[in-house]
Protein chains: 2
Amino acid sequence: MNALIDILRKNGIQPTPQRLEVAKFVLATQSHPTADQVLKEVLKRCPTVSRATVYNTLNLLVDKGLIASRTLKEGAVVFDPRTQRHHHLIDTETGIIHDIPWESVDVREPEICEGFEVEDYHVVLRGRKK
Amino acid sequence: MNALIDILRKNGIQPTPQRLEVAKFVLATQSHPTADQVLKEVLKRCPTVSRATVYNTLNLLVDKGLIASRTLKEGAVVFDPRTQRHHHLIDTETGIIHDIPWESVDVREPEICEGFEVEDYHVVLRGRKK
DNA sequence: CATGCAGTCTAGACTAGTTCTAAACTGGGA
DNA sequence: TCCCAGTTTAGAACTAGTCTAGACTGCATG
Ligand SMILES: [Mn+2]
Ligand SMILES: [Mn+2]
Ligand SMILES: [Zn+2]
Ligand SMILES: [Zn+2]
């Protein structure tokens, strides 16, 4: 927990109890939760936290680069503590979003997109459990 | 216009004036419009069309496979008349979504995602005009 | 021509994700 | 103790999208 306080302080985020609960959950999760899922989780330990604070904290963590927000799901942004480059596989049955290591997929020469300078790219896969 | 009527009929869609206006625009567009952008466009030629009809028609066209709906933009689904496989490049300055031909990006061995059978994939690139 | 009917269209209500607002709270300095 | 900047809160507001209930359309039948 003190390590978490240090992380927030180092990134210019004043560590309040509410922010610590949000960060503790979203930085450790293995899934890609929506803001609402983060709220539900944080409410278990901090029953008075407001939706606005959860949104504010998530956006703050995104702005500081501690998490990423991704548009992989229809209807709601999802948050992702893995900010290193990786791909995503969406289970077409459950909707669960899985992380795929960067090296698992080999993308060649994506820079050749006429007239554009490519800054970033990632692969979105769809599939189901074998 | 008669060709359009035939396309709708062949796909089991009764061609009404409202549906024809929606289809005429969305099947011919070079962009990736949101439902609201389609509504604004159709209102120019069919000033009494309702939002419900535009949504219903777009969903009908998606269900019949004539267009695709894509989650590439935060906050709203976009529609795409190009249903063949291709990639997308999002201009980070303007937000405009460009189509990238399938052959322009070479993705190798994406099937190797442990435990999953990959049904489909595409690359999402971000960049800006050179 | 009159009636009926299935399918369609419309306005507006409703839901859900997200942001905004304004007031209350908090916790270190003067 | 008082102040003040920063934070939190409840709820309003906004927006994308769906749903509902009634009106409309146009063909089929008597
Ligand atoms: Mn933001
Ligand atoms: Mn749909
Ligand atoms: Zn991820
Ligand atoms: Zn496209």
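Worth pointing out:
- In chain A, Cα pairs under 8 Å separated by at least six residues give a relative contact order of 20 percent.
- Backbone geometry of the stretch B:55-63 corresponds, through the Karplus equation with coefficients 6.51, -1.76 and 1.60 at θ = phi - 60°, to 3J(HN,Hα) couplings of 4, 4, 5, 4, 5, 5, 5, 5, 4 Hz, x marking Gly and Pro.
- In a reduced charge model with +1 at each Lys and Arg Cβ and -1 at each Asp and Glu Cβ, the stretch B:2-80 shows a dipole moment near 160 debye about its Cα centre.
- Calculated FRET efficiency for the pair B:ASP91/A:TRP102, C-beta based, R₀ 30 Å, to 0.05: 0.80
- Charge tally in the Cβ shell below 13 Å around A:LEU66, where Lys, Arg are +1 and Asp, Glu are -1, A:LEU66 excluded: +3
- Distance cut-off 29 Å, percentage of C-alpha pairs in the protein assembly as shown lying past it: 45
- Among beta bridges from DSSP that stay inside chain A, the antiparallel ones total about 70%.
- HN-Hα J in Hz across the stretch B:113-130 - Karplus 6.51, -1.76, 1.60, θ = phi - 60°, x for Gly and Pro: 10, 2, x, 10, 9, 7, 8, 6, 7, 7, 9, 10, 10, 10, x, 9, 4, 7
- Under a Gaussian network description of chain B, with springs only between Cα atoms under 10 Å, the residue in B:VAL62, B:VAL107, B:VAL118 that fluctuates furthest is B:VAL118.
- Taking label positions 7 Å along the Cα-Cβ direction at both B:ARG51 and B:ALA28, the computed distance is 2.7 nm, reported to one decimal.
- Residue-by-residue Karplus 3J(HN,Hα) for the stretch A:94-104, coefficients 6.51, -1.76, 1.60, Hz, glycine and proline x: 9, x, 5, 9, 9, 7, 10, x, 3, 6, 5
- DSSP-defined beta bridges in the stretch B:86-127 - what % are antiparallel, rounded to 5: 55
- Electrostatic bookkeeping for A:ILE13 treats Lys and Arg as +1 and Asp and Glu as -1; over the other residues with beta carbon under 14 Å from its beta carbon, the sum is +2.
- Among A:GLY95, A:THR29, A:LEU8 - extreme Cα towards positive end, dipole of the stretch A:3-126, charges at beta-carbon: A:LEU8
- Shielding by other protein chains, B:68-75, mean Cβ within 10 Å: 3
- Here is the list for the stretch B:49-130: GluC sites (Glu not before Pro) lying in DSSP coil, each with at most 14 other C-beta atoms within 10 angstrom of its C-beta, are B:GLU74, B:GLU93, B:GLU111, B:GLU114.
- For the stretch B:86-127, averaging the sequence separation of C-alpha pairs within contact (under 8 Å, six or more residues apart) and dividing by the residue count gives a relative contact order of 52 percent.
- In chain B, helices alone account for a calculated mean residue ellipticity at 222 nm of -10500 deg cm²/dmol, with every DSSP H run of four or more residues adding -39,500 (n - 2.57).
- The charge dipole of the protein assembly as shown, taken about its Cα centre with unit charges on the Cβ atoms of Lys, Arg (+1), Asp and Glu (-1) only, comes to about 1040 debye.
- Test item: A:102-108 mean partner chain Cβ contacts at 10 Å: 5
- Pairwise inverse Cα distances across the stretch A:86-127, averaged and inverted, put the Kirkwood hydrodynamic radius at 11.7 Å.
- Counting every alpha-carbon pair across the stretch A:56-127, the share separated by more than 19 Å comes to 46%.
- Pairwise Cα distances in chain B exceed 18 Å for 59 percent of all pairs.
All of the numbers you see were taken from the coordinates with simple rules; none came from a lab. It should be emphasised that the depicted structure is a prediction, and the values quoted were computed from it without experimental measurement. Virtual Cβ from ideal backbone geometry, glycine too; neighbours counted across all protein chains shown.
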